[in-house]
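Have a look at the structure below, then the notes.
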Amino acid sequence: MKSFQLLISFFLIINLNFSLSAQQFFNSSDTLEVIASGYDQLLIKHKVELNQSIESIALHYGIDKYDLFEINPLLEEETKISNATILVPLPLESLRKLSPAFGADSLYHTLLYTVKAGENLYHISNRLFRQSMDSIQVRNKLDELNVAEGQIIHVGWLAKFGIPTTLQTKRLKIQLKQNQINQTIYKKQISNKELLNTDQGSAIKMTENKSKDLVCLHRDLEKGKIIRILNPMNDRVLYLKVMGPIPQHLDPKVKLVTTQYVAKLLGVLDNSFYIKTQY
């Protein structure tokens, strides 16, 4: 009996410390807004509290601080971040879909998602948050399956202790090192140019190509050159190395051909997609 009481006391102390540390990191809202930058990446809007640093935020969410710089391009190490809003990756594995146990709700953030134009409940539940429409419908007390643009949906919970690094390493992420190398080469490549070539149009992916290199085929650029690719649907940017010309038998309207892996990094599902280029 005595050992059981000690176990209960230990559990209460752990939970108290856990709750206090969470409250020290978050001292305002119990809710967090979630946005989707693509089918493969969810982001949390984190409002920076007083005395929080880039390092403490990165540690709390289980990521490297340079990941924060990559996702928040306007963010710099010397930037005063007090009261700023920072985007942080949210791995689906860290999202709790079941209501917290009675009395434990103070240990969790409520995650809210704002419906965008053209979205429906199936897209939000199945494709973005990987849960049943019934669970979303019951949690939000929806009488119908229809949702409207601007409607706020409760999609789950996130533990206030943060996100383990092991979950963040599982999420899909751009090859930062190779992309940064290509970006450096690109900057040298365009340094002497007075006017950059800009273009937009369709790109296609080669589904049979399993390469994980940041490469592409282009109609005009010579082999070895680096081209900047933007997916305007989610503002993702990649710097790709040109490996050769686009085959003649393909539609002349195709501006770029790339691999399935590159398309995935750009957040693209379809075989044909729209891009903007600069070189």
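Details
- Residue match in the stretch 121-142 (condition: farther than 30 Å from LYS225 by Cα, among the acidic types (Asp, Glu) and exposed (fewer than 15 other Cβ atoms within 10 Å of the Cβ)): yes
- Per this entry, ASN197 is counted among residues that are over 19 Å from GLU70 (Cβ atoms), in contact (Cβ under 8 Å) with a residue 24 or more places away in the chain and either more than 24 Å from the chain's Cα centre (by Cα) or buried (at least 17 other Cβ atoms within 10 Å of the Cβ) (or both).
- Answer from ILE190, ILE204, ILE275 - the residue that is surrounded by fewer than 17 Cβ atoms within 10 Å (Cβ to Cβ) and among the aliphatic types (A, V, I, L, M): ILE190
- Filter pass, VAL115 being surrounded by 17 or more Cβ atoms within 10 Å (Cβ to Cβ), more than 30 Å from LEU240 (Cα to Cα), in contact (Cβ under 8 Å) with a residue 60 or more places away in the chain and in contact with a strand residue (DSSP E or B) (Cβ under 9 Å, 6 or more places away or on another chain): no
- From LYS255, LYS223, residue being touching a residue at least 40 places away in the same chain (Cβ under 8 Å) and touching a strand residue (DSSP E or B) at 6+ places or on another chain (Cβ under 9 Å): LYS255
- Yes/no for GLU222 being exposed (fewer than 12 other Cβ atoms within 10 Å of the Cβ), among the acidic types (Asp, Glu), assigned by TED's automatic domain parsing to the domain that holds GLN260 and at pLDDT below 85: no
- Those helices (runs of 4 or more DSSP H) of the stretch 33-140 in which at least 3 residues are within 21 Å of the chain's Cα centre (by Cα), considering only elements entirely within it, cover 54-60, 65-71.
- Check on TYR108, under 13 Å from LYS45 (Cβ atoms) and of a type outside the set (A, V, I, L, M, F, W, C): no
Residues are listed down the side, and each one gets a yes or a no for (1) of a type in the set (A, V, I, L, M); (2) under 24 Å from ILE190 (Cβ atoms):
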position: CYS216; (1), (2): no, yes
position: LYS223; (1), (2): no, yes
position: LEU240; (1), (2): yes, yes
position: PRO245; (1), (2): no, yes
position: LYS253; (1), (2): no, no
position: VAL257; (1), (2): yes, yes
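- Residue within the stretch 242-256 that is farther than 22 Å from SER37 by Cβ, of a type in the set (Val, Ile, Thr), surrounded by fewer than 22 Cβ atoms within 10 Å (Cβ to Cβ) and out of contact with any Lys or Arg (no Cβ under 6 Å at 6 or more places or on another chain) present: yes
The values are calculated or read from the model by the stated rules, or taken from the named source; none is laboratory data. Only a predicted model underlies this, so the values are computations on that prediction, with no experimental measurement involved. Here Cβ is always computed from backbone atoms with ideal geometry, including for glycine, and neighbour counts include all displayed protein chains.
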